[in-house]
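The values are calculated or read from the model by the stated rules, or taken from the named source; none is laboratory data. This one's a predicted model, so the numbers in the text were calculated from it and none came from an experiment. Heads up, the Cβs are rebuilt from the backbone with ideal geometry, glycines too, and the neighbour counts pull from every protein chain shown. We work out accessible area using only protein heavy atoms, side chains counted, and drop any ligands, DNA or RNA first. Shrake-Rupley method; radii C 1.70, N 1.55, O 1.52, S 1.80 Å.
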Amino acid sequence: ASGWVAAELRAGREVGSDKWHRNATTFYLSVADGARRGVREFVDLEGLVVDRILQSWQAGRLVTALDQAQALLALQAYGARPDVCAELAGALESTQTDAGCWDRSVYYHGGPKEVFGWASEALTTAYAAAGLHHEERR
């Protein structure tokens, strides 16, 4: 399984390789978390994951709080780019709602034709809070 994931990432198919989770940052975070847990192939992908996150951030493609939080957590898992982590944390802090949560973003798609998407303020907030918590502890 880790070999397939690594091959999909190397081929640039992180979006669309899974019909349910189509977000690139979900893919990057999963790989980075696997690396943190000792999956050798995922450890070796650090440079590629970090580069893809940086490219997305610099191109303005990390626009939702979920994207930003997952990208932040992925960089933190690799211990990479504290400068970008600080920028992502700042962006996240600026989008927290007055109610204390973050706006929802689609996390899970209902099938290959995207009949529906599942999103939750609670899920986005959990990712954002985790990323900000880890950033605060650095």
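The set of residues in region 15-34 that are open to solvent by 60 Å² or more (accessible area, probe 1.4 Å) and either at positive phi or under 9 Å from the mean Cα position of the chain (by Cα) (or both) contains only SER30. Pairs meeting the criteria (first residue in region 16-44 and of a type in the set (Lys, Arg), second residue in a helix (DSSP H, G or I) and open to solvent by less than 60 Å² (accessible area, probe 1.4 Å), beta carbons under 7 Å, at least 6 apart or on different chains) are ARG36/ALA77. Contact map, region 65-94: residues that are surrounded by fewer than 18 Cβ atoms within 10 Å (Cβ to Cβ) paired with residues that are not in a helix (DSSP H, G or I), Cβ distance under 7 Å, separation 6+ or inter-chain. Pairs shown: PRO82/ARG138. Of all residues in region 36-50, those satisfying the criterion of being surrounded by fewer than 21 Cβ atoms within 10 Å (Cβ to Cβ), part of a helix (DSSP H, G or I) and of a type outside the set (D, E, K, R) are VAL43, GLY47, LEU48, VAL50. Looking at region 17-40, is at least one residue at pLDDT 95 or above and acidic (Asp, Glu)? Yes, because at least one residue in region 17-40 is at pLDDT 95 or above and acidic (Asp, Glu).
Residue check: ILE53 meets all listed conditions (1) hydrophobic (A, V, I, L, M, F, W, C); (2) in a helix (DSSP H, G or I); (3) open to solvent by 70 Å² or more (accessible area, probe 1.4 Å); (4) at pLDDT 95 or above but one, namely (3).
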